[in-house]
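The values are calculated or read from the model by the stated rules, or taken from the named source; none is laboratory data. Nothing here was measured: the structure is a model prediction, and the numbers come from that model. Cβ: placed from backbone, ideal geometry, glycine included. Neighbour counts: every protein chain shown. The accessibility values were calculated without ligands, DNA or RNA, using every heavy atom of the protein model including side chains. Shrake-Rupley method; radii C 1.70, N 1.55, O 1.52, S 1.80 Å.
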Amino acid sequence: MVGDLVTSRARSRAHLRYADVRLEAIEGKYAAAENGDSKGAGEDAILGFGVRVLAGDGMAAPGYFGRGLGEADIPQLERILDEGLDAAYRRAMANADWKTQARGKFGPLGESLADTRLHPVRVCQDTVPAVFEMDPRRVEIGEMVRFTREISRRVKAVHPALGYNYISATTQLARELFASSEGALIDQAIALTQGLCYVVANGDGNSQQIYDVLGHQRGWEILLRGVEDPQMSFPPFPDFALAIARDAVELCAAPALSTLDAETTVVTDPHYNTLLSHEIIGHPVELDRGLKMETAYAGRSWLLRGLDDTQVGKRVASPLVTAYSDPALPGYGHYEYDHEGTPARRVTHIDAGIFRGFMNSRQTAAIFGGEPNGHWKATEAPLIPLIRMSTTVFGEGDRDPADIIGEVDRGFYLVGHKTPSIAESRENFRISARKVYEIEHGRLGRLYRDGGIMADSRDYLLKVDAVGRDFRLYPIPNCGKGQPMQTKRLGNGGPTMRSRAVITGGRA
């Protein structure tokens, strides 16, 4: 039915050049506990759709329509989708008319308006099943309540310094249907399960707040057994939460790190580099950001100042640094097709220090050049997709992480990420770490709290002089972009790396 809507019936509308429909259903459950007591639990089902149309008499322009649906809408689904298609079509035609008028009215400025074009892609018809052992729809809420409550009680009992903890678990199954007037018809199902632990520990005059998540596109089994994968692994959720609690207690007893005036050698572990790859690689290589088409919340890109002023083909990092985005990697960032039906593929951003390219959509590929690589995604079907990270990472090196630390006479080892502070165009950053260890004569020394590093992005990448072979992936549960903001789950990661930066701390 949906395929017929966007082929035969959509094409009957005058001057319609392209149309697609995204229909999505999600069934999920959650449970949460706070300080050893149940905090809440529930289940929900979500149904919604989004439509995009390119149309116009003369110039082509886009029109969008999105809507959430309820159970009562299901018997009328065909009519509702057809009305949504018609609304998007009318918006596209009005948009095209105003573009045509503006082009004739505003001289050289008006001439900058052009047809909205989509780069050709391979038209696919496919079914992608979800992967799970324990169906998220079959997990008992009572079991989820008992599970989170028991973990919260165990975390609370770790140490008297732990003043607060919050434990939550979520499991869901989503199904996405994409159909286009070009003939694409793609049915993708995705399971997702996540555990979150947040703790507050109070020490002598300070408190430590730590939260982290484990998660995967799998069923409830991952919280019970953990995941063992060469690229991504984590323990069962109870063990994961207890480790976070112990970290918080340990950090409360540690001294605050002092800010240093000069650069020093820094070694960063894979978990820290998860946030680093996200902030200084992932966001600035989203091409809608580079083209200034979308800059809300996450800014622009120092890698593209204008169509004739880019870093493509130029050195932006050490020859040891490679970075890429790959939807084929396991975890939150995995998918086979994006939300315009483009087959997802790996795109290399930095190849041995040379910048090579961006994540894109069909529209931005038509503007900037290059093949579409399948990174146009929306958090929910009624929302307009944006160019989003899949799994953006630093590539693996060939060094033993112990040797990378062992060669440092004086420096610091940063473990785990906490809070980012990034320049508007991502040209510099300040990112704090969960733990910072002093390195003296190749050995880890004293542990510090409230520390991180600050550097110019290009300068930091150019100074990388060692990359480990301990590549790891981690989930990011809350990447925000867009207006209204779309919060998305995705993946990031990398290996141990060594560079130079200014140490920042909680003590002057």
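Between rounded, prolate and oblate, where does segment 167-321 land on the alpha carbon gyration tensor, with a ≥ b ≥ c its root eigenvalues, rounded for a/c under 1.5, else prolate if a/b exceeds b/c? Note, shape of segment 167-321 comes out oblate.
How much net charge surrounds residue 332 when only other residues with a Cβ under 10 Å from its Cβ are counted (Lys, Arg +1; Asp, Glu -1)? If you can, show how the numbers build up before the last one.
Details: positive: 488, 489; negative: none.
Residues close to residue 332 contribute a combined charge of +2.
Just the number, please: carbon plus sulfur as a percent of the accessible area of the chain, 1.4 Å probe, no ligands or DNA/RNA counted.
Details: 10170 of 20940 Å².
Summing carbon and sulfur atoms, their accessible area is 49 percent of the total for the chain.
Sequentially through segment 186-195, phi angles give Karplus couplings (6.51, -1.76, 1.60; θ = phi - 60°) of 10, 10, 10, 10, 9, 8, 8, 9, 9, x Hz, Gly and Pro residues having no value and appearing as x.
With a sphere of radius 13 Å drawn around the Cβ of residue 63, what net charge do the other residues whose Cβ falls strictly inside it have (Lys, Arg +1; Asp, Glu -1)?
Working: positive: 13, 17, 52, 90, 91, 99; negative: 20, 86, 97.
Neighbour charge sum, excluding residue 63 itself: +3.
Projecting the Cα atoms of 330, 277, 290 onto the charge dipole of segment 245-399, computed from C-beta unit charges around the Cα centre, puts 290 farthest toward the positive end. To the nearest 0.05, how large is the calculated FRET efficiency for residue 351 and residue 371 if R₀ is 22 Å and r is the Cβ-Cβ distance? The value I calculate is 0.85.
The fraction of all Cα pairs in segment 343-434 landing in successive 10 Å bins from 0 to the largest distance is 12, 28, 35, 17, 7, 0, given as whole percents. Seen from all directions on average, the chain presents a Cα convex hull projection of 24.8 nm². Dividing the mean sequence gap of close Cα pairs (under 8 Å, 6+ apart) by how many residues segment 1-105 holds gives a relative contact order of 25 percent. So what's the gap between the Cα centers of segment 1-75 and segment 274-346, to the nearest angstrom? Value for the Cα centre distance between the two parts: 26 Å. Derived from the Cα gyration tensor, the three semi-axes of the equivalent ellipsoid of segment 376-508 are 31, 17, 13 Å, largest first.
Distance check, please: which entries in 156/488; 156/418; 29/156; 292/488; 377/418; 39/377 exceed 28 angstrom between their Cα atoms? The pairs that break the limit, which is 28 Å between Cα atoms, are 156/488; 39/377.
Rolling a 1.4 Å probe over the heavy atoms of the protein chains gives the chain an accessible area of 41 Å² per residue. Here, segment 49-189 is characterised by an Rg to Rh ratio of 1.22, where Rg is the alpha-carbon radius of gyration and Rh the Kirkwood radius.
Rounded to the nearest Hz, the phi-derived 3J(HN,Hα) couplings of segment 323-328 under the Karplus curve 6.51 cos²θ - 1.76 cosθ + 1.60 (θ = phi - 60°) are 9, 7, 10, 9, x, 7, where x marks glycine and proline. Using the Cα coordinates of segment 390-451, the gyration tensor eigenvalues translate into equivalent-ellipsoid semi-axes of 24, 17, 10 Å, sorted from longest to shortest.
The mean sequence distance of close C-alpha pairs (under 8 Å, at least 6 residues apart), as a share of the length of segment 307-367, puts its relative contact order at 39 percent. Here the relative contact order of the chain, from alpha carbon pairs under 8 Å that lie six or more residues apart, stands at 16 percent.
Compute log10 of I(q)/I(0) for segment 226-300 with the Debye formula, placing one identical point scatterer on every Cα and leaving out solvent, at q = 0.28 Å⁻¹, to two decimals. Values returned for q = 0.28 Å⁻¹ are -1.21. Across segment 389-403, rounded Karplus estimates of 3J(HN,Hα) from the backbone phi angles (6.51 cos²θ - 1.76 cosθ + 1.60, θ = phi - 60°) give 4, 9, 10, 9, 9, 7, x, 6, x, 10, 9, 6, x, 5, 5 Hz, Gly and Pro being marked x.
Compactness ratio of segment 1-105: Cα Rg over 2.2 N^0.38 Å, N = residue count?
Working: Rg = 19.4 Å, N = 105, 2.2 N^0.38 = 12.9 Å.
My calculation over the Cα atoms of segment 1-105 gives 1.51.
Please state, as a whole number in µm²/s, the translational diffusion coefficient that the Stokes-Einstein equation yields for segment 83-141 at 10 °C and 1.306 mPa s, with Rh defined as the Kirkwood radius across alpha carbon pairs. Once the numbers are plugged in, D ends up at 96 µm²/s. Close amide-amide hydrogen proximity is noted between residue 218 and 192, 193, each under 5 Å apart and 5 or more residues distant or on a separate chain (H modeled in the peptide plane; Pro and chain starts excluded).
As a ratio to 2.2 N^0.38 Å, the alpha-carbon radius of gyration computed for segment 235-391 takes the value 1.24. Using the Cα coordinates of segment 195-268, the gyration tensor eigenvalues translate into equivalent-ellipsoid semi-axes of 30, 18, 9 Å, sorted from longest to shortest. Amide hydrogen proximity for residue 473: with H placed 1.01 Å from N in the peptide plane, the residues at 5 or more positions away or on another chain lying under 5 Å are 232, 233.
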